[in-house]
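The values are calculated or read from the model by the stated rules, or taken from the named source; none is laboratory data. Remember, it's a predicted structure, so these values are computed and weren't measured experimentally. Glycine also receives a Cβ, built like all others from the backbone with ideal geometry; neighbour counts cover every protein chain displayed. Please note that ligands, DNA and RNA were not included when accessible areas were found on the heavy atoms of the full protein model with its side chains. Shrake-Rupley method; radii C 1.70, N 1.55, O 1.52, S 1.80 Å.
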Amino acid sequence: MLNENDVKYRLILYFARRGATVWLAHLDNMRLFERAFNRAGWPIAWTEDAFNPRPILVFGLPVGVGIETRRDPVEVTLEQRIELKPMVERLNRSFPRGVEIVDWGEAPDTRKSLMSLVKSADYMIEAPSIGQAFSRTFEGGHPVLISWTRKGRTSQVDIASRIFETYVVKKDSIEFKGGAGSDLHLRVDLLLEALVRDGGLSNDDALGARVVRKRVHCDLLPRCLPGSLDKRLE
Amino acid sequence: MQRFESPQFRSILRSVAKPARYVGGELYAIDKRNEFFSLREEDRVHFAFCFPDLYEIAMSNLAIQIIYAALNRDDHVFCERCFAPDVDLRSLLRKRDLPLVSIETMTPLSEFDIIGFSLHYELAYTAVLEMLDLAGIPLRAADRNDSDPLIVAGGPIACNLEPMASFFDLILLGDGEFQLPKLVDEYREHKVSKGSKYDFLRRVCHMDGIYVPAFYEPRYRDDGQIEEISVVEPIAPKSVRKAIVRDFNLAPIATSPIVPNMEVTHDRMVLEIFRGCARGCRFCQAGFTYRPLRERSPETLVDAAEKLIDSTGCDEMGLLSLSTSDYSNIDGLTRALLPMVEPRHINLSLPSLRLDAFDFDLAERIARTRRGGLTFAPEAGTQRLRDVINKNISEDDLFDTARTAFENGWDRLKLYFMLGLPTETDEDVEGIVDLTMRLLSVWRDLPKERRSKRLFVTVSTSFFIPKPFTPFQWERQISINEMREKQQRLADGLTDRRISYRWHDFESSVIEAVLARGDRRLSDVIERAWRAGSYLDAWHEHFDYDIWLDALSLIPGGADFYTRERAEDEIFPWEHLDIGVTRRFFERERRRSREGRVSLSCFDGCSACGCSVWQTGVCSPSVHDACSDNGGVSC
């Protein structure tokens, strides 16, 4: 099935998710994409695993339950080149309502996985009086430690060190750049927990908060996509 | 999409497990609220399809796809879905005093015209009560008035919903894809005429498969058995005959089924290749209630398969029926399907393969798409007992098939058996051990280079539950002590490390048996169990036997009254319902079982079960010209 000297063709798609699909867990989100690709007839390459072959899809970041996205990257490997614009349009018609591909480009020329290239992400969070809670929590620049239990092991996570840059603090909304990927990943639920504990945000308002991941920043990607250059990446 | 902007909605979803269960928004979920609500109130019928279990179970069921598509085809009807909330959401709804709402438009259940429950197993009954109560709807039909929704039920266990009779206004018996839209259409006309609910029930009670429990009244003897079931509404028919789809090729196939966003229990596209079964295994209710066997043509199926593959994008296709290999052209069908699924990495799964009809070439071809385990259901450990239950498979077939499978690299074998079948002895239980060990030997005796490296065998047992409309409807269920003893005997025998043994719960089997052959007096028991906290009883972690035992104290004799062997001439609670197969046939089959005599399948000759009145499917005159009135069986 391979053409062009048997080189498979890698591509990065950027997707937004809104509405009902926001409540899907990561694995369900992956399956949703697999099925949409099938329906749209994309020539996705499959892993060579004899017993459990899977379509080759790599999400830059897992999508957490309850998080909207506006521009999350997903890398797909194709058996052959395709004419992108009509195929993306077809793919967009194949998604359930709420999911949409908003941009695309070639994958960076590297052996590193997309996941390891992800360094940070821009978030917007809306909740009543969240601005004040945010300022109160992080004033003074002290570490803000939250304990996190995973697989029976509890560790202390410093939330403050994972907020890289604050863009906007309004009464009922905040926008910031947080760590993402393997190092210094910021979990939004832990941030909200800190805002409740140290900033006086009510628990109900934290649970009802709207969380939007507006953009994911990756190393190497700017070269392929001049439109999305972000020079502040470390 | 406005509701997702509400902080209250988000906070609920963040407080429960798997919120995707409750938000809808799946591909092909229908939201036609704008068109629908612009119709005049009397021109539209709002229908809530309810399934009394969690989303992942509900959406694994084909019934919902069939009914959803069949009802929504009509612009005047809007069918939405509503499923049982898990215990976390249930507590939250109660704490915040929020009503149960539909998935598509979040309309409170109480605002629908008709609420239809799809019932597939008895242990879901308490969830029906919970859903009605969460919706703020009075539980009992007698306590509801004309402004409450009409509460209806259907599904495979509709053939005896007497334990739930007090809660439903109407029960649909048999195939629903044509009859339910007809009923809903009648309801729309009824809305125009502005009559009472009673008028409506009287109007429809003569339609095939429409059973209005309030029009019938059982009278009990002192010992609790039924003395008589009388018709208390003069115009109601004496007996209610199930509705059937006569030409199954005309039954619509939902080729754009709702594609769940989250993983569900059976996550695949489903192709129902035929309905009904020709075999007549004497314990199997579905094998009789879905008669006669009616096939879809290969052309219809291949066309539907193509559409399903394109519309769903799923990576597995299941062929659905009660006995896949009985499809008359299973070879041709699989040969046509394989080139469609292979290039797209779609697994083809064929459940319910019967051993004797198992064609290895066929399995090999399917194995190319999927190397799963090999599953057989001999049901009983000895030939004697298999003859008693009319499971006509022989050990030679089993061993031959297993040998070929092992030689071809299959390394997982699943075996299903039932414990507590009528006439079962210790020898029959030992027979399960013996059969399993001999299957292991088949593998062991093969030269190493010709067999799979390892072998995993899973033996699963369930306990026999006598069901209405089977030749075993008179039989008793064994006691918990006997269950424990048989299960232990089996566990002691199955010690090889290659075998893992799983068995079904004792207690929930008892309650299932009580409800399966229950009468109307159980309505009080079910309500009491529900009030005491019973909910989602089919889930091991939620089932509480003590609650049920306490509730059953309302009945003299308790559970034993229902699990006992029934008298030969006993009037059953379902006596006024007619699924096509006659009581006379069941009596004859029971006698034959006691004599250890097997009966023919419908393919080999007509046994005069009663379904020939429909003259369709396997009962078409062209299929059995030789079929005489008293059938091909000598009594």
**GluC sites (Glu not before Pro) restricted to the stretch B:240-334 and DSSP loop, no more than 12 other C-beta within 10 Å** = none
**Request:** Mind checking which lysines have their Cα closer than 21 Å to the Cα of A:K8? Skip sequence neighbours fewer than 8 apart in that chain.
**Result:** A:K85, A:K112
**Asked** Counting only the backbone N, which residues of the stretch A:80-109 are under 16 Å from the spot 7 Å out from the Cα of A:V58 toward its beta-carbon?
**Response** A:105-109
**Message:** As a test, work out the antiparallel percent of DSSP beta bridges whose residues both lie in the stretch B:1-159, rounded to the nearest 5.
**Reply:** 5
**Prompt:** Between the stretch B:180-224 and the stretch B:34-96, what is the C-alpha centre distance in whole Å?
**Reply:** 22
**Request:** Under 17 Å Cα to Cα from B:K238, which aspartates and glutamates show up? Leave out anything in the same chain fewer than 8 places away.
**Result:** B:E162, B:D208, B:E217, B:E227, B:E228, B:E575, B:D578
**Calculated [θ] (222 nm, deg cm²/dmol) that DSSP helices of n ≥ 4 give over chain B, each run adding -39,500 (n - 2.57)** = -9500 deg cm²/dmol
**Dipole moment magnitude, nearest 20 debye, the stretch A:9-107 about Cα centre, only Lys, Arg, Asp, Glu C-beta charged** = 360
**Item:** Per DSSP, loop GluC sites (Glu not before Pro) in the stretch A:60-120 with at most 10 further Cβ within 10 Å
**Value:** A:E83
**Fill in**
Gyration tensor on Cα atoms of the stretch A:9-107, a ≥ b ≥ c root eigenvalues, a/c under 1.5 rounded, else prolate if a/b beats b/c, else oblate, says oblate
**Item:** Highest average packing first - A:188-195, B:37-44, Cβ atoms within 10 Å
**Value:** A:188-195, B:37-44
**Message:** What does the structure give for B:17-25 when I average, per residue, the other chain Cβ atoms found within 10 Å of the residue Cβ?
**Reply:** 5
**Request:** Would you pull out the residues with amide H under 5 Å of A:S120's amide H, same chain only if 5 or more places away, H placed 1.01 Å from N?
**Result:** A:A180, A:H217
**Message:** Based on alpha-carbon centroids, what's the gap between the stretch B:464-527 and the stretch A:181-201 in Å, whole number please?
**Reply:** 51
**Fill in**
Packing-ranked peptide list from B:192-202, A:114-124, highest mean Cβ count within 10 angstrom first, is A:114-124, B:192-202
**Assigned charges on the beta-carbon of Lys, Arg, Asp, Glu; chain B dipole about Cα centre (debye)** = 920
**Complete:** Tilt, helix B:583-594 to longest principal axis of chain B (alpha-carbon atoms), in degrees rounded to tens, equals 30
**Complete:** Restricted to the protein assembly as shown, the DSSP antiparallel beta bridge percent, nearest 5, is 55
**B:K414 long-range amide H proximity, modeled H, under 5 Å** = B:L374, B:T375, B:F376, B:T458
**Complete:** Loop-resident trypsin sites (Lys or Arg not before Pro) in the stretch B:413-508 with no more than 11 other Cβ atoms inside 10 Å, DSSP not H/G/I/E/B, are B:K453, B:R454, B:R497
**Prompt:** Averaged across the residues of A:121-128, what count of C-beta atoms belonging to other chains lies within 10 Å of each residue's C-beta?
**Reply:** 1
**Message:** Report the A-B buried area as the accessible area lost on both sides summed, probe 1.4 Å, in Å² to the nearest 100.
**Reply:** 2500
**Prompt:** Tell me, how many Å apart are the Cα centres for the stretch B:113-176 and for the stretch B:536-595?
**Reply:** 20
**Item:** Set A:K119/B:K18; B:K242/B:K391; B:K18/B:K191 screened for pairs whose C-alpha atoms are more than 32 Å apart
**Value:** B:K18/B:K191
**Message:** I need the calculated FRET efficiency for the pair A:R81 and B:L338, taking r as the beta carbon distance and R₀ as 41 Å, to the nearest 0.05.
**Reply:** 0.90
**Request:** Among DSSP beta bridges lying fully in chain B, give the percent that are antiparallel, nearest 5.
**Result:** 20
**Asked** Averaged over A:27-37, how many beta carbons belonging to a partner chain fall within 10 Å of each residue's beta carbon?
**Response** 4
**Asked** How large is the charge dipole for the stretch B:1-125, taken about the Cα centre, if only the Cβ atoms of Lys, Arg (+1) and Asp, Glu (-1) carry charge, to the nearest 20 debye?
**Response** 560
**Complete:** For B:K307, counting only aspartates and glutamates whose alpha-carbon sits under 13 Å away and dropping same-chain residues fewer than eight positions off, the answer is B:E299
